[in-house]
Amino acid sequence: MKPQAIIFDLDGVVTDTAHLHFLAWQRIAREIGIDIDEQINEQLKGISRMDSLARILRHGGAEQRIDQQQRLRLAEQKNALYVELLQDLRPDSVLPGIAELLEQLHTRDIRVGLASVSLNAPRILDALGLAIQFDFCADAGKIKRSKPDPEIFLAACEGLSVSPVNCIGIEDAQAGIEAINASGMLSVGIGTQLKHADLLLTSTKELSWTCLHTFWLTKHSKQAV
Ligand code: B16
Ligand code: MG
């Protein structure tokens with residue numbers, strides 16, 4: 001008895017791009033007179049580019065004065081900065097334990113999916129040298145609703161031809177845990193502050209096939225009782 005697929009979030013699980021998003025947003029926000037800190041950045045994890053901008057504008061009380069055309073321009077500028085920062089990504093930017101886990105999953109014929117709302121996900125996986133390790137990456141460009149909506153996780157399951165009840169999702173953001181739970185998959189949270197994860201680990205270092213398989217068996221033996 002084992003899961004058929006493991007579906008990964010990207011930012012914060014496979015690599016740590018959250019700080020790069022923060023640096024780019026901080027510069028854009030400053031240009032329109034808004035200060036953001038790491039606490040605001042925390043709320044942007046797993047949230048799409050346009051929704052992140054809307055949150056930043058709300059935080060700065062600037063929702064009324066920035067119209068849709070300006071928003072699109074700001075989002076474009078933020079992405080240009082972010083893409084520039086991504087140029088420093090290398091295979092050693094993969095978070096600890098992830099490359100080993102991917103190998104272990106392949107050896108056991110467990111399918112591997114990606115559920116990132118980042119439109120830059122394919123380029124990030126390429127830079128990390130991991131593109132070949134993923135059997136299916138959900139297309140963020142086709143997603144209508146950001147996490148916490150389960151849409152991106154359900155798209156990953158569909159692309160892998162697996163049912164969500166046969167999968168585990170791994171996330172570092174609260175919105176992502178809610179998305180996994182709403183999809184019907186079991187959720188693994190990476191972090192210390194996350195609520196409602198079926199299994200909470202403090203770091204990706206703790207991830208391994210043994211850890212995920214034991215968790216799966218525990219959950220399914222409890223359901224059988
Ligand atoms: P982009 P994930 C998310 O990635 C990030 O956590 C979030 O901060 C970002 O706004 C979003 O991708 C969109 O990224 O601007 O590159 O399209 O956590 O879903 O892997
Ligand atoms: Mg994330």
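Taking every DSSP helix (H) stretch of at least 4 residues in the chain, weighting each as -39,500 (n - 2.57) and dividing the sum by the residue count yields a mean residue ellipticity at 222 nm of -14500 deg cm²/dmol.
Apply the a/c threshold of 1.5 to the C-alpha gyration tensor of the stretch 75-152 and tell me whether it is rounded, prolate or oblate. Verdict is oblate for the stretch 75-152. Amide H contacts under 5 Å for L200: G189, restricted to partners 5 or more places along the chain or on a different chain, H placed in the peptide plane at 1.01 Å from N. Taking the empirical scaling 2.2 N^0.38 Å for compact globular proteins as reference, the chain has a Cα radius of gyration ratio of 1.02. What does the C-alpha gyration tensor say about the overall shape of the stretch 124-223? Classify as rounded when a/c is under 1.5, otherwise prolate if a/b is larger than b/c, or oblate. Rounded shape, in that the Cα axes give a/c under 1.5. For the chain, which span is the longest to avoid every loop-located (per DSSP) member of trypsin sites (Lys or Arg not before Pro) having at most 13 other Cβ atoms inside 10 Å? Counting at most 13 other Cβ atoms within 10 Å as exposed, the longest clean stretch of the chain is 1-64. For the chain, lysine pairs with C-alpha atoms less than 21 angstrom apart, excluding pairs fewer than eight positions apart on the same chain, total 15. In degrees, nearest 10, range 0 to 90: what is the angle between the Cα axis of helix 49-59 and the longest Cα principal axis of the chain? Value to nearest ten degrees: 60. In this structure, the amide hydrogen of L114, modeled 1.01 Å from its nitrogen in the peptide plane, lies closer than 5 angstrom to those of F8, F136, C137, A138, counting only residues at least 5 positions away or on a different chain.
For the stretch 1-51, the solvent-accessible area with a 1.4 angstrom probe is 44 square angstrom per residue. Across the stretch 81-98, computed HN-Hα scalar couplings (Karplus, 6.51 cos²θ - 1.76 cosθ + 1.60, θ = phi - 60°) run 5, 4, 4, 5, 5, 5, 4, 7, 5, 9, x, 7, 8, 5, 5, x, x, 6 Hz from first to last residue, x flagging Gly and Pro.
Taking all protein chains as they are arranged and a probe of 1.4 Å, the heavy atoms of F215 leave approximately 20 Å² accessible to solvent. Taking the stretch 21-54 and a reference point 7 angstrom along Cα→Cβ of R71, the backbone N atoms nearer than 14 Å belong to 48-54.
Applying 0.36 nm per residue to the separation of Q64 and N79 and subtracting their alpha-carbon distance, the gain on full extension is 3.1 nm. Multiplying the residue separation of T214 and Q39 by 0.36 nm and subtracting their alpha-carbon distance yields 59.6 nm. Within the listed set Q69, Q193, Q174, the residue fluctuating most in the Gaussian network model of the chain (springs between alpha-carbon atoms under 10 angstrom) is Q69. Within the shell defined by Cβ-Cβ distances under 15 Å, the residues around E84 carry a net charge of +1, with Lys and Arg each +1 and Asp and Glu each -1. Residues in the stretch 180-192 carry Karplus couplings, in order, of 4, 4, 5, 7, x, 7, 7, 10, 10, x, 10, x, 10 Hz; the curve used is 6.51 cos²θ - 1.76 cosθ + 1.60 with θ = phi - 60°, and Gly or Pro positions show x.
Find the percent of Cα-Cα distances in the stretch 18-88 that exceed 14 Å, and round it to a whole number. Looking at the stretch 18-88, the distances longer than 14 Å represent 54 percent of pairs. Where both bridge residues fall in the chain, DSSP classifies roughly 5% of the beta bridges as antiparallel.
The values are calculated or read from the model by the stated rules, or taken from the named source; none is laboratory data. Not measured: the values here are computed from a predicted model. We place every Cβ from the backbone using ideal geometry, glycine too, and count neighbours over all the protein chains shown. With ligands, DNA and RNA removed, areas are computed over all heavy atoms of the protein, side chains included. Shrake-Rupley method; radii C 1.70, N 1.55, O 1.52, S 1.80 Å.
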